[in-house]
Amino acid sequence: MTPIRPPWEERSPIRGSTSPAGERLRRAAPGVAAAAFWLVLWQLASVVVGQELLVPSPAVVAATLAGLAGTAEFWQVMGLSLLRMAAGFVAGVVAGTAAAVLTTRSRVVDALLSPALRVVRAAPVASFVILALVWIPTGRLPAFIAFAMVVPVVWDTMAQGLRSQDPELLEMARVFGLGRWQTLRRVRIPSLAPFLLSACTTGMGLAWKSGVAAEVISRPEVSIGRELQDARVYLDTPAVFAWTITAVALSLALERLFRLAARRWLPSVGAPEESRGRGDHAGV
């Protein structure tokens, strides 16, 4: 008698390969198991402590988050915080890339800019926020902090990419008579794409975390940081958990969307990883 396989183990007509649904379930299983583990651990911690003020249960936090999500103010807060971080992130990527180009082409510019960028990268976010509060209005401070934290990351990574470009490829482009635009599009951008993806992925997470920290300290109107600080002041621990989960979920969603966009517009970035994956599965 042929055993009945569960849906996630069904085979596709192609020998040795699982169905698309089974493959998705197989990939999602570790993440679901990890999430379930931490939820159970969180529930146990809440039961052991026995005080919602210190460790609220997942059910209480979920109910609080659902209540917040049902208000227009919640979405307005998320939208404005996202707008601030996005503005700082985009400006930081542009400025960091420009700084990388300048410092790799001029020793004088490198000697002037590199120390300042390294100091900004090493400075604690809280100290930087407090110093910046002296000169920058609270409404613009989160975007500026996100910008300041992204620039050194993008500069360092893109400078490495520019220095590692193959001179033989550039020489070949000149031999074949490619102009500056064609050389940029066909040679420089494809070789810099992995460095740009790495810089932007790291910078996006850093921009979001540092921007929310700046909001907590400066407390601009209509911001996630202000909501977190108000919830802490009023001892509303479930709301603190709910807004923290919101910030984390937004950060993960932004990173995921960015990776999908990069895979769409920069297909050469995902090519090596995909080819390795095909090779690994071929041997199974």
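Structure notes:
- Qualifying residue in region 242-265 (condition: more than 18 Å from residue 67 (Cβ to Cβ), among the hydroxyl-bearing types (Ser, Thr, Tyr) and in a helix (DSSP H, G or I)): yes
- Region 244-268: number of residues that are free of Cβ contacts under 8 Å to residues at least 24 places away in the same chain and closer than 16 Å to residue 56 by Cα: 1
- So residue 64, is it under 23 Å from residue 235 (Cα atoms) and buried (at least 18 other Cβ atoms within 10 Å of the Cβ): yes
- Whichever residue in region 128-143 is of a type outside the set (A, V, I, L, M, F, W, C) and within 23 Å of the chain's Cα centre (by Cα) and, among such residues, is nearest to residue 210 (Cα to Cα): 142
- Selection from region 75-130 of residues that are charged (D, E, K, R) and in contact (Cβ under 8 Å) with a residue 24 or more places away in the chain: 84, 118, 121
- The sole residue among 146, 111, 35 that is within 21 Å of the chain's Cα centre (by Cα), surrounded by fewer than 18 Cβ atoms within 10 Å (Cβ to Cβ) and on the phi < 0 side of the Ramachandran plot is 35.
- Residue within region 266-273 that is crowded, with 17+ Cβ neighbours inside 10 Å, over 21 Å from residue 88 (Cα atoms), modelled with pLDDT under 90 and touching a Gly at 6+ places or on another chain (Cβ under 6 Å) present: no
- Some residue of region 221-242 being within 27 Å of residue 123 (Cα to Cα), touching a residue at least 12 places away in the same chain (Cβ under 8 Å), buried (at least 19 other Cβ atoms within 10 Å of the Cβ) and among the aromatic types (Phe, Trp, Tyr): no
This table checks each residue for (1) closer than 24 Å to residue 253 by Cα; (2) of a type in the set (Lys, Arg); (3) modelled with pLDDT under 85; (4) not in a helix (DSSP H, G or I).
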{"position": "13", "(1), (2), (3), (4)": "no, no, yes, yes"}
{"position": "21", "(1), (2), (3), (4)": "yes, no, yes, no"}
{"position": "35", "(1), (2), (3), (4)": "yes, no, yes, no"}
{"position": "53", "(1), (2), (3), (4)": "no, no, yes, yes"}
{"position": "65", "(1), (2), (3), (4)": "yes, no, no, no"}
{"position": "85", "(1), (2), (3), (4)": "yes, no, no, no"}
{"position": "93", "(1), (2), (3), (4)": "yes, no, no, no"}
{"position": "103", "(1), (2), (3), (4)": "no, no, no, no"}
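The values are calculated or read from the model by the stated rules, or taken from the named source; none is laboratory data. What you see is a predicted model; the values in this text were computed from it and never measured. Glycine also receives a Cβ, built like all others from the backbone with ideal geometry; neighbour counts cover every protein chain displayed.
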